[in-house]
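Enquirer: Pasting a structure here, questions to come.
The values are calculated or read from the model by the stated rules, or taken from the named source; none is laboratory data. Please read all numbers here as calculations on a predicted model, not as lab measurements. Cβ atoms come from the backbone with ideal geometry, glycine included; neighbour counts cover every protein chain shown. The accessibility values were calculated without ligands, DNA or RNA, using every heavy atom of the protein model including side chains. Shrake-Rupley method; radii C 1.70, N 1.55, O 1.52, S 1.80 Å.
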Amino acid sequence: MHFAFWFLEWSLYQNTRRESGKKVQLGNIAAGKMIADVIRTCLGPRAMLKMLMDPMGGIVMTNDGNAILREITVQHPAAKTMIEISRTQDEEVGDGTTSVIILAGEMMSVAEQFLEQQMHPTLIISAYQEAMEDMLELMKEKLSIKVDVTNRDEMMKILKSCVGTKFINKWGDLACQIAYDAVKTVSFEENGRLEIDIKRYAKVEKVPGGIIEDSKVLNGVMLNKDVTHPKMKRRIENPKILLLDCSLEYKKGESQTNLEMSQQQDFSKILQMEEEYIQRICEDIIQFKPDLVFTEKGISDLAQHFLIKANITALRRVRKSDNNRIARACGATIVNRTDEIREEDIGTGAGLFEVQKFGDEYFTFVTECKNPKACTILLRGASKDILNEVERNLQDAMNSARNVMIEPLLVPGGGAVEMALTHALTEKAKTITGVQQWPYKAVASALEVIPRTLIQNCGGNTIRTLTALRAKHADPSNFCWGIDGEKGTIVDMNELGVWDAFAVKAQTYKTALETAMLLLRIDDIVSGSKKASGGEGHGATAPTGPMEGGD
């Protein structure tokens, strides 16, 4: 028994590194602060860009918190958790990725003093939990306003505040219109539930060349494809479109196929059978008289010949996702076998099919759709790097529009809602008895990091401006006063027209506080690693040589 205990203790210290207690908690806080410091200058309209180079030599220039953190590699487990929350925020609401990191870092930072005063983490966490519930309730009931989603001007104001902090700000009006039109196109009401699937049905196609002002939303779909044969028509008005998920070529044997021929005629007979098969599947298509055929698989030369004779234009090897978009845009159904085609599967919703050439490449447009529930956003610009950044910014703007359409509530931007919550929580903290009052109050002060960072990023006078803003918020009716991120002065957000979606803010606070609570709950990190030498079973007997500790 003694031997087993000694061996367990020896193997634990032998191959692992263990940190526990205060050291871990303070280490986690330091890691959280470090990640927040990397991202801090990326907040607000005067945000700085970060230039990152990946191991392959590719360059990313962006001020999108999530895009930056995706590119950097860290070792510390707490820092990895911080990077993960930015990704969660991006997937859930698509915006606020920078704010969530800064807030989470600050929430952990303010907990440091309590840990040093020997306060138990559980007490801090329960105060944080209470503060989070109060924040969300206050924000929903007192600090938010309803918005009319059908009012285009109001929606433009909201999107402007999202785009205002990004690189695309210079073309703000255009970007807002593109984002709003795209989201409105793909919104789809089903069984009383609004479904807005931007990822699958609003595709961004980046074509280098031209100027950013040439970018637009197509009321239809664009593909980077050309027709399969030069004699096929490159422009058709009101086309009848057939979508296939099967190949129009002779099926080869799956595995090794052997054919034995005993006579000379057999070879020509086999060729004839192939031809007849292709002719048969082409006749299945031709009898429905479509003008356009898209297939996800290949089209043989012989099939092209039959289709040209019937005056049908064909495109092959279309992506599955593109095929789904075309189906939504023109009202067609994707067919898996040619002998199963029905008249109602053919889409007639598109007004125009044409092939255009940009630079060296051909692009197919299926546009002027009557009621497209899918669209393509065509982006033009000087270089690939610019286009990539514009695409990231547009994704944020489209997500903002989607959030507001699903939950039509707004809160004032520019750090106004954070200051209003700081004041309300500080007042409420006075009513809390016991030691939990302090961490509750600390959450309130941590929220000030957003307006403070906004002032710092545009070179304003931090202390003076923040004090003036605090004085404004002493009167709860001034909850719309915040920071003008361009000038660093305090201003009424109603006049400036900067609003944030409630869904984004709520998600930001929830994610930031829950991460802080999670990381404060950790009091032990055991990082085990195998020794470089020896097989897996080398620990069965204690080695005679000197003990080598794993790192």
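Enquirer: Only one of these conditions is not met by residue 177: (1) in contact (Cβ under 8 Å) with a residue 60 or more places away in the chain; (2) surrounded by 15 or more Cβ atoms within 10 Å (Cβ to Cβ); (3) not aliphatic (A, V, I, L, M). Which number is it?
Expert: It fails just one condition, (1).
Table: residues versus (1) assigned by the TED database to the domain that holds residue 325; (2) surrounded by fewer than 15 Cβ atoms within 10 Å (Cβ to Cβ); (3) closer than 23 Å to residue 380 by Cβ.
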position	(1), (2), (3)
209	no, yes, yes
215	no, no, yes
225	yes, no, yes
235	yes, yes, yes
239	yes, no, no
242	yes, no, no
247	yes, no, no
256	no, yes, no
262	no, yes, no
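Enquirer: So which residues in the stretch 151-161 are open to solvent by 10 Å² or more (accessible area, probe 1.4 Å) and in a helix (DSSP H, G or I)?
Expert: Of everything in the stretch 151-161, those that are open to solvent by 10 Å² or more (accessible area, probe 1.4 Å) and in a helix (DSSP H, G or I) turn out to be 152, 153, 154, 156, 157, 160, 161.
Enquirer: More than 23 Å from residue 217 (Cβ to Cβ) and β-branched (Val, Ile, Thr): which single residue out of 404, 417, 390, 366 fits that description?
Expert: 417
Enquirer: Let me ask something else. When the stretch 470-484 is examined, which residues are found to be farther than 18 Å from residue 497 by Cα and in a helix (DSSP H, G or I)?
Expert: Across the stretch 470-484, the qualifying residues are 470, 471, 472, 473, 476.
Enquirer: While we're on this one: Condition check: open to solvent by 70 Å² or more (accessible area, probe 1.4 Å), over 27 Å from residue 197 (Cβ atoms) and not in a loop (DSSP other than H, G, I, E, B). Does residue 140 satisfy that?
Expert: Spelling it out, it is not the case that residue 140 is open to solvent by 70 Å² or more (accessible area, probe 1.4 Å), over 27 Å from residue 197 (Cβ atoms) and not in a loop (DSSP other than H, G, I, E, B).
Enquirer: Step by step: first the residues of the stretch 185-204, then only those that are open to solvent by 20 Å² or more (accessible area, probe 1.4 Å) and either touching a helix residue (DSSP H, G or I) at 6+ places or on another chain (Cβ under 6 Å) or touching a residue at least 24 places away in the same chain (Cβ under 8 Å) (or both), then the one that is farthest from residue 403 (Cα to Cα). Which residue is that?
Expert: So the first thing to find is which residues in the stretch 185-204 are open to solvent by 20 Å² or more (accessible area, probe 1.4 Å), and the list is 185, 187-195, 197, 199-201, 203.
This time we only want the ones that are either touching a helix residue (DSSP H, G or I) at 6+ places or on another chain (Cβ under 6 Å) or touching a residue at least 24 places away in the same chain (Cβ under 8 Å) (or both), so: 185, 187-188, 194, 200-201, 203.
Numbers: 185: 15, 187: 12, 188: 14, 194: 11, 200: 17, 201: 16, 203: 18 Å.
In this case the residue turns out to be 203.
Enquirer: Regarding the stretch 492-507, can at least one residue be identified that is modelled with pLDDT of 85 or more, open to solvent by 60 Å² or more (accessible area, probe 1.4 Å) and closer than 21 Å to residue 83 by Cα?
Expert: No, the stretch 492-507 contains no residue that is modelled with pLDDT of 85 or more, open to solvent by 60 Å² or more (accessible area, probe 1.4 Å) and closer than 21 Å to residue 83 by Cα.
Enquirer: Can you tell me which residue among 482, 459 is open to solvent by 40 Å² or more (accessible area, probe 1.4 Å) and touching a Gly at 6+ places or on another chain (Cβ under 8 Å)?
Expert: 459
Enquirer: Sort out which residues of the stretch 441-465 are more than 15 Å from residue 512 (Cα to Cα) and part of a helix (DSSP H, G or I), and write them in order of number.
Expert: Of the residues in the stretch 441-465, the ones more than 15 Å from residue 512 (Cα to Cα) are 441, 451-465.
Listed by number, the residues that qualify are 441, 451, 452, 453, 454, 455, 456, 457, 462, 463, 464, 465.
Enquirer: Kindly indicate whether residue 148 is assigned to a loop (DSSP other than H, G, I, E, B), under 26 Å from residue 484 (Cα atoms), open to solvent by 30 Å² or more (accessible area, probe 1.4 Å) and among the acidic types (Asp, Glu).
Expert: Criteria met by residue 148.
Enquirer: Another one. Within the group 294, 353, 365, which residue is within 27 Å of the chain's Cα centre (by Cα), at pLDDT 85 or above and not in a helix (DSSP H, G or I)?
Expert: Sole residue among the options that is within 27 Å of the chain's Cα centre (by Cα), at pLDDT 85 or above and not in a helix (DSSP H, G or I): 365.
Enquirer: Can you tell me how many residues in the stretch 83-107 are farther than 19 Å from residue 520 by Cβ, without any contact (Cβ under 8 Å) to a residue 40 or more places away in the chain and of a type in the set (Asp, Glu)?
Expert: Qualifying residue count for the region: 2.
Enquirer: Now for a different question. Restricting to the stretch 47-70, count the residues that are out of contact with any Leu (no Cβ under 8 Å at 6 or more places or on another chain), touching a residue at least 24 places away in the same chain (Cβ under 8 Å) and surrounded by fewer than 18 Cβ atoms within 10 Å (Cβ to Cβ).
Expert: 2
Enquirer: Which strands (runs of 3 or more DSSP E) does the stretch 181-264 wholly contain that include 3 or more residues that are farther than 28 Å from residue 341 by Cβ, modelled with pLDDT of 80 or more and within 22 Å of the chain's Cα centre (by Cα)?
Expert: 202-208
Enquirer: All but one of (1) touching a residue at least 24 places away in the same chain (Cβ under 8 Å); (2) open to solvent by 20 Å² or more (accessible area, probe 1.4 Å); (3) over 21 Å from residue 147 (Cα atoms) hold for residue 405; which doesn't?
Expert: Evaluating residue 405 over (1) touching a residue at least 24 places away in the same chain (Cβ under 8 Å); (2) open to solvent by 20 Å² or more (accessible area, probe 1.4 Å); (3) over 21 Å from residue 147 (Cα atoms) leaves (3) as the failure.
Enquirer: Might you check whether a residue that is over 18 Å from the mean Cα position of the chain (by Cα) and surrounded by fewer than 19 Cβ atoms within 10 Å (Cβ to Cβ) occurs anywhere in the stretch 91-110?
Expert: As a first pass, look at the stretch 91-110 and keep what is over 18 Å from the mean Cα position of the chain (by Cα): 102-110.
From the residues that got through so far, the ones that are surrounded by fewer than 19 Cβ atoms within 10 Å (Cβ to Cβ) too are 109.
Yes, the stretch 91-110 has at least one match.
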